[in-house]
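Below you'll find the structure, written out as structure tokens, and then a few comments.
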Amino acid sequence: MDWIERVGKLRQWSRNGARAPHKPLLMLYALGRFRRQPDGVMRYSDVEQDLRDLLADYGPAHQTSPAYPFHHLVSDGVWEVRTDSGAGSPGTGVQVLRESGARGQFVPGLRSALSEDPALLGRLAQVLLEVHFPPSLHGDIAAAVGLDLETGGGAVLPGGGAGPGRRRAEELRRQVLIAYEYRCAFCGFDGAMGRVPVGLEAAHVRWWAFQGPDDLANCLCLCSLHHKLFDRGVLGLDPGRRITVSREFVGRSDAAKGQVLDLTGQTLIGPQGGSERVAGEHIAWHTAQVFRGRPRVPECV
């Protein structure tokens, strides 16, 4: 059984590019639990709040129930659910999962494979993160589920190799930095060590995991801080390519005001003439699938 390929191809609900990372988040959470307690099972009523928090932090902007992946992951052949009455999930209702004593765990074959090959756990986690989330969030998600990516080993994504993908990423970053003249499009940061830019990254507007193309029309040059905030939905763009800041973001320090809140309503810096501007369709996707809540209204001066 090729568990990496199976986990890399989890079936998910999809419509018009909508994000539905419920199963990947449950898998990552379960991998973290397995690392700490290989023989343990996850009683739904015990882990419901943890899963709800993960979905709130890293799932789609709209509220969803952790009961859906707990039930539906069974259909992918990697997860099983039992209740006090026996094998089989009772459905997607929160109340019935609680009252039936529903508990889930990896199927026996996957549990055996993880026990026989400890490095497999890290490879599965890497695949789930690469396929479903942008790189800027990998460390945060891994920490949230109790995984250490540094000791997990590398992974080859289903249907592709690491080498060509890495070369494409490096070339795209070079093109993006040139287009934006080696400056963050949000704050203008342009740090370098000698001839090498530092803290500047090529940020996808529509995530690669959701058919976001590797071209200038889908990329911004952002500093590390603003890249992370953009991918977490703190920052966004309106149709006029002005910066939006989520009303859900709270920051009371001068640093938070200067580096985040004061960006409200500011126009992008760049790209230089002759370079493609970020496309409206990708901005619309980010607004619908990543940006959190409503944008702040610029303060009147």
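Quick one: is Asp84 modelled with pLDDT under 95 and farther than 17 Å from Ala144 by Cβ?
Details: modelled with pLDDT under 95: yes; farther than 17 Å from Ala144 by Cβ: yes.
Considered against the rule, which asks whether it is modelled with pLDDT under 95 and farther than 17 Å from Ala144 by Cβ, Asp84 comes out as yes.
From the list Ser85, Ser65, Ser89, which residue is out of contact with any Gly (no Cβ under 7 Å at 6 or more places or on another chain) and either closer than 16 Å to Arg11 by Cβ or not assigned by TED's automatic domain parsing to the domain that holds Pro134 (or both)? Working first, answer last.
Working: Ser85 fails: either closer than 16 Å to Arg11 by Cβ or not assigned by TED's automatic domain parsing to the domain that holds Pro134 (or both); Ser65 fails: either closer than 16 Å to Arg11 by Cβ or not assigned by TED's automatic domain parsing to the domain that holds Pro134 (or both).
Answer to the check: Ser89.
Any residue at all in region 199-221 that is farther than 18 Å from His286 by Cα, among the small types (Gly, Ala, Ser) and surrounded by fewer than 23 Cβ atoms within 10 Å (Cβ to Cβ)? Full working, then the answer.
Within region 199-221, the subset farther than 18 Å from His286 by Cα is 199-200.
The next check asks that each one be among the small types (Gly, Ala, Ser); those that pass are 199.
Within this subset, residues satisfying the condition of being surrounded by fewer than 23 Cβ atoms within 10 Å (Cβ to Cβ) are 199.
There is at least one residue in region 199-221 that is farther than 18 Å from His286 by Cα, among the small types (Gly, Ala, Ser) and surrounded by fewer than 23 Cβ atoms within 10 Å (Cβ to Cβ).
Might you check whether a residue that is of a type in the set (Phe, Trp, Tyr), more than 24 Å from Ala288 (Cβ to Cβ) and in a helix (DSSP H, G or I) occurs anywhere in region 43-54? Quick ask: steps written out before the conclusion?
Within region 43-54, the subset of a type in the set (Phe, Trp, Tyr) is 44.
Of the ones still in play, those that are also more than 24 Å from Ala288 (Cβ to Cβ) are 44.
Next, only the ones that are in a helix (DSSP H, G or I) stay: 44.
So far as region 43-54 goes, yes, one or more of its residues are of a type in the set (Phe, Trp, Tyr), more than 24 Å from Ala288 (Cβ to Cβ) and in a helix (DSSP H, G or I).
Given the options Ala142, Ala119, name the one that is under 25 Å from Ala202 (Cα atoms) and modelled with pLDDT of 90 or more. Quick ask: steps written out before the conclusion?
On the way: Ala119 fails: under 25 Å from Ala202 (Cα atoms).
Criteria check complete, one pass: Ala142.
Taking interchain pairs and intrachain pairs at least six residues apart, which have beta carbon atoms under 7 angstrom, with the first residue in region 283-299 and more than 17 Å from Ala203 (Cβ to Cβ) and the second in a loop (DSSP other than H, G, I, E, B)?
From residues that are more than 17 Å from Ala203 (Cβ to Cβ), the pairs are Gly293/Arg247; Gly293/Glu248; Arg294/Arg247; Pro295/Arg247; Arg296/Arg247; Arg296/Thr264; Pro298/Thr264; Pro298/Gly265.
Please verify whether region 274-285 includes one or more residues that are over 23 Å from the mean Cα position of the chain (by Cα) and under 12 Å from Ala185 (Cα atoms).
Start the filter on region 274-285 by keeping residues that are over 23 Å from the mean Cα position of the chain (by Cα), which leaves 274-277.
Going one step further and asking which of them are under 12 Å from Ala185 (Cα atoms), we end up with 277.
Looking through region 274-285, at least one residue is over 23 Å from the mean Cα position of the chain (by Cα) and under 12 Å from Ala185 (Cα atoms).
Right, Pro271: surrounded by 12 or more Cβ atoms within 10 Å (Cβ to Cβ), outside the structural domain of Cys187 (by TED's automatic domain parsing) and touching a residue at least 24 places away in the same chain (Cβ under 8 Å) or not?
Numbers: surrounded by 12 or more Cβ atoms within 10 Å (Cβ to Cβ): yes; outside the structural domain of Cys187 (by TED's automatic domain parsing): no; touching a residue at least 24 places away in the same chain (Cβ under 8 Å): yes.
Taking the combined requirement at face value, the residue does not satisfy it.
The values are calculated or read from the model by the stated rules, or taken from the named source; none is laboratory data. None of the values given here were measured: they were computed from a predicted structure. Don't worry about glycine lacking a Cβ; one is built from the backbone with ideal geometry, like all the others, and counts go over all protein chains shown.
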